[in-house]
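All remarks here apply to the structure that follows.
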Amino acid sequence: MKRLVIATNNAHKLEEIRQMLGDMYEVQGLADIGCHDDIPETADTIEGNAEMKAQYVKLHYGLDCFSDDTGLEIDALNGEPGVHSARYGGVAHDSERNIDKVLRLMADVPMPKRTARFRTAIVLLQGDEQHLFEGKVEGHILTERHGTGGFGYDSIFQPVEGDGRTFAQMDASEKNAISHRGRATAQLVEFLKRQ
Ligand code: ITT
């Protein structure tokens, strides 16, 4: 089976992507290739960060790979946390703190104005070629957490196209079918299938 490296250490993300690519590729994360580096993500856009992570793996490990970066853009917070989504609460990858901060800052924002979207950029490096895939999903930020599945901001994000449940109340395949990363990954899968 062909191998595809994803520049991530996020186990939830790896699992979501394995579900979509599992029978086409052996999907490996950074730990699987022996990379335990804290890869810099200092660009000011999600596209820039996805490119940085993928280029890092290419440069240091010589492997084709893809990388994704996601931002949650909340309209009432002028698009924040956006590219700062992972460490919005001050500590990297502490989702509870991130959510607490969002709920605190939005305490006075009424429901119709709690609009937001997740946006994902995927950069695929293959040989000398670079390809960009994007996906997004519109939704609302609830006033409290609902559900325990998923990760990150899933428990406060209610997608417009759903039945009222948050992403954290859906199973992985339900989330993948409409999510930002699911949509970007679907484009990547279509592209890889055409090869
Ligand atoms: P890697 O950089 O190791 O891939 P990460 O956790 O930093 O993993 P991203 O940079 O793509 O992931 O996303 C930044 C943050 O956005 C992430 O830490 C979560 O808080 C949030 N996030 C990303 N995807 C999400 C999703 O599908 N549902 C909810 N929150 C998500």
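The values are calculated or read from the model by the stated rules, or taken from the named source; none is laboratory data. In this text the structure is predicted, and so the values were computed from the model without any measurement. Backbone-built Cβ (ideal geometry, glycine too); neighbour counts: all protein chains shown.
For region 21-47, filtered to residues that are within 14 Å of the chain's Cα centre (by Cα) and part of a helix (DSSP H, G or I), the residue that is farthest from the ligand (Cβ to nearest atom) is GLU47.
Within region 149-157, is even one residue within 14 Å of the ligand (Cβ to nearest atom), free of Cβ contacts under 8 Å to residues at least 40 places away in the same chain and of a type in the set (A, V, I, L, M, F, W, C)? No: zero hits.
Just a yes or no: is a residue in region 178-191 at pLDDT below 95, of a type in the set (Val, Ile, Thr) and in a helix (DSSP H, G or I)? Yes, the conditions are met somewhere in region 178-191. Within region 83-96, take every residue that is more than 6 Å from the ligand (Cβ to nearest atom) and not in a helix (DSSP H, G or I) and give me the one that is surrounded by the fewest Cβ atoms within 10 Å (Cβ to Cβ). It comes out as GLY90.
Criterion first (away from the ligand (no atom under 11 Å from the Cβ), within 26 Å of ALA172 (Cα to Cα) and of a type in the set (Ser, Thr, Tyr)) does TYR61 satisfy it? Taking the combined requirement at face value, the residue does not satisfy it. Meeting the requirement of 2 or more residues that are buried (at least 17 other Cβ atoms within 10 Å of the Cβ) and of a type in the set (D, E, K, R), the strands (runs of 3 or more DSSP E) wholly within region 97-162 are 115-126. Going by what's in this entry, would ASP68 be described as surrounded by 22 or more Cβ atoms within 10 Å (Cβ to Cβ) and in contact (Cβ under 8 Å) with a residue 40 or more places away in the chain? Yes: the conditions hold for ASP68. In region 124-132 there is no residue matching the filter, namely being in contact (Cβ under 8 Å) with a residue 24 or more places away in the chain, within 14 Å of the ligand (Cβ to nearest atom) and more than 15 Å from GLU16 (Cα to Cα).
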